Amino acid sequence: MNIAVIKYNAGNVYSVINALRRLGVEPEYTDDAQRIMAADKVVFPGQGEAAGTMEYLRRHGLDHVIKALRQPVLGICIGQQLMCRHSEEGDTGCLGIFPADVLRFRPTRHEDKVPAMGWNRLEDMKSPLFKGINGNNAFVYFVHSYYVPLCEWTAATADYILPYSAALHKDNFYATQFHPEKSGSVGEAILRNFIKM
C-alpha cells in the first residue's frame, strides 16, 4: 500500500502521517508529481490559509496534479476547502473539484465563536468513509472559520451556527472538514476505511 501525503506549505501534516503509521501504513510525504500520481491513495491534509496555499500549489504545478488524480484522494480541513470552487478567505479561486463555494461563519448569537473549535457530531453520513460508524457516537474534532454549505456532494453534515458539509464525496475524491487524525477511534475508523478503498 503506497499512500502519498501531499507536501505543501500547510501546518499540522505530521499528525496525519503519525495517524497513518499507527494504522500500519508508512506514507510518503512528497510534492513530486510523479510520485503522487503513482500512489495507490493520496491524502491532501493540513491547516492553512486559502490564498497562500493555492498560490503555492499553482507555483509547483500541484493544482493540475491533484485535479488529474484517479485513485482515491482524501482532503482534510483546508484540503476539503481547496478542493472546492472558491473560498471567501482571501477571495480565492480554488481547485474546483467540488462545484461549491467556501463561506465564512457569521455568528448570529453572542455565544457563537469563530473559529469553531472542538468536538461535534456527524449526521446524515452517506459515504464509504463512514462504513461501520455508529451515528450516535460519531463525534469528531473540528477547527475552522470557513465551511462548505450543504450541497449535492455532502457526504456528512454537522451543525454549528447552521448545518454545513462536514464531509464531501464526488467520484474518487473524498474530503472532511474535521480532522480524522485528531478524532479518536471514530477518526481512526474513517482513515482505515479510506485505506481499505
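Taking the stretch 78-128 as the range and being of a type in the set (A, V, I, L, M, F, W, C), modelled with pLDDT of 95 or more and in contact with a Phe, Trp or Tyr (Cβ under 8 Å, 6 or more places away or on another chain) as the test, the residues that pass are 82, 83, 84, 97, 98, 100, 102, 103, 105, 119, 122.
Among the residues of the stretch 21-42, those that are out of contact with any helix residue (DSSP H, G or I) (no Cβ under 7 Å at 6 or more places or on another chain) and part of a helix (DSSP H, G or I) comprise 21, 22, 34, 35, 38. For the stretch 94-101, the condition of being open to solvent by less than 50 Å² (accessible area, probe 1.4 Å), touching a strand residue (DSSP E or B) at 6+ places or on another chain (Cβ under 8 Å) and part of a strand (DSSP E or B) holds for none of the residues.
Any residue at all in the stretch 152-169 that is open to solvent by less than 10 Å² (accessible area, probe 1.4 Å), hydrophobic (A, V, I, L, M, F, W, C) and either in a loop (DSSP other than H, G, I, E, B) or touching a Cys at 6+ places or on another chain (Cβ under 7 Å) (or both)? No, the stretch 152-169 contains no residue that is open to solvent by less than 10 Å² (accessible area, probe 1.4 Å), hydrophobic (A, V, I, L, M, F, W, C) and either in a loop (DSSP other than H, G, I, E, B) or touching a Cys at 6+ places or on another chain (Cβ under 7 Å) (or both). If only residues of the stretch 125-141 that are assigned to a loop (DSSP other than H, G, I, E, B) and open to solvent by less than 50 Å² (accessible area, probe 1.4 Å) are counted, the one that is farthest from residue 195 (Cα to Cα) is 138.
Applying the criterion of being in a loop (DSSP other than H, G, I, E, B), open to solvent by 10 Å² or more (accessible area, probe 1.4 Å) and not acidic (Asp, Glu) to the residues of the stretch 78-91, the residue that is farthest from residue 129 (Cα to Cα) is 90. Looking at residue 46, is it in contact with a Ser or Thr (Cβ under 9 Å, 6 or more places away or on another chain) and either touching a residue at least 40 places away in the same chain (Cβ under 8 Å) or among the hydrophobic types (A, V, I, L, M, F, W, C) (or both)? Taking the combined requirement at face value, the residue does not satisfy it. Taken over the stretch 1-26, residues that are of a type in the set (Ser, Thr, Tyr) and open to solvent by 70 Å² or more (accessible area, probe 1.4 Å) amount to 1.
Among the criteria (1) within 22 Å of residue 172 (Cα to Cα); (2) in contact with a strand residue (DSSP E or B) (Cβ under 8 Å, 6 or more places away or on another chain); (3) surrounded by 18 or more Cβ atoms within 10 Å (Cβ to Cβ); (4) of a type outside the set (A, V, I, L, M, F, W, C), the one residue 29 does not fulfil is (3).
Has the stretch 40-49 got at least one residue that is open to solvent by 10 Å² or more (accessible area, probe 1.4 Å) and modelled with pLDDT of 95 or more? Within the stretch 40-49 (the criterion being open to solvent by 10 Å² or more (accessible area, probe 1.4 Å) and modelled with pLDDT of 95 or more), the answer is yes, since at least one residue qualifies. Screening residue 63 on (1) of a type in the set (D, E, K, R); (2) crowded, with 17+ Cβ neighbours inside 10 Å; (3) within 14 Å of residue 169 (Cα to Cα) shows it passes everything except condition (3). Within the stretch 111-124, is even one residue surrounded by 13 or more Cβ atoms within 10 Å (Cβ to Cβ), under 15 Å from residue 153 (Cα atoms) and touching a helix residue (DSSP H, G or I) at 6+ places or on another chain (Cβ under 6 Å)? There is no residue in the stretch 111-124 that is surrounded by 13 or more Cβ atoms within 10 Å (Cβ to Cβ), under 15 Å from residue 153 (Cα atoms) and touching a helix residue (DSSP H, G or I) at 6+ places or on another chain (Cβ under 6 Å).
Going through the stretch 61-118 one residue at a time, which ones are touching a residue at least 60 places away in the same chain (Cβ under 8 Å) and more than 15 Å from the chain's Cα centre (by Cα)? Passing the criteria: 69, 70, 71.
The values are calculated or read from the model by the stated rules, or taken from the named source; none is laboratory data. No experiment lies behind these values; they were computed from the predicted model shown. We place every Cβ from the backbone using ideal geometry, glycine too, and count neighbours over all the protein chains shown. In case anyone asks, the SASA skips ligands and DNA or RNA and just uses the protein heavy atoms, side chains included. Shrake-Rupley method; radii C 1.70, N 1.55, O 1.52, S 1.80 Å.
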